[in-house]
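To start, the structure itself, in structure tokens.
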Amino acid sequence: MAEFDDLNNMDDASDSFETVEPIGMRVVIRKDEDKKETKGGIQLPDNIEIPTITGRIVSVSAEVEITAELPLKQYDKVLFNPKGAIPVDFEGDNRLFVVDVENVVAVFRKT
């Protein structure tokens, strides 16, 4: 019974924190904030936002990391298809998504 109690107390550890690690050919993306202002400078009401499908890669799976044909790495800004994205209920703002690499359609690069 002590082992079971120890397992229950693992959540109480104050020095530990959770991370999200993608598995397979996936990355974790933090979606950019939806825009509340148009390019012309018009402020949109709170209930209307221009949806964005860009974000930053915060984590890549080990499989993606070792695949030379995939130019994806941590902190890349990417354009992704949100239809196949799996939301991660990890933060209060729900901006983290697990995305298959085939749903990442572009990487922004500075030249």
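Consider region 71-87 and keep the residues that are modelled with pLDDT under 95 and part of a strand (DSSP E or B). The one that is farthest from Gly24 (Cα to Cα) is Leu79. Being of a type in the set (Val, Ile, Thr) and either surrounded by 11 or more Cβ atoms within 10 Å (Cβ to Cβ) or at pLDDT 90 or above (or both) is a property that Ile42 lacks.
Each row is one residue, and each column tells you yes or no for (1) modelled with pLDDT under 90; (2) part of a loop (DSSP other than H, G, I, E, B).
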residue	(1), (2)
Gly24	no, yes
Ser59	no, no
Val64	no, no
Glu69	no, yes
Asp89	yes, yes
Gly92	yes, yes
Glu102	no, no
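Are any residues in region 53-101 acidic (Asp, Glu), in contact with a Gly (Cβ under 8 Å, 6 or more places away or on another chain) and surrounded by fewer than 16 Cβ atoms within 10 Å (Cβ to Cβ), and if so, which ones? Across region 53-101, the qualifying residue is only Glu63.
The values are calculated or read from the model by the stated rules, or taken from the named source; none is laboratory data. What you see is a predicted model; the values in this text were computed from it and never measured. When we count neighbours, we look across all protein chains shown, and the Cβ atoms used for this are built from the backbone with ideal geometry, even at glycine.
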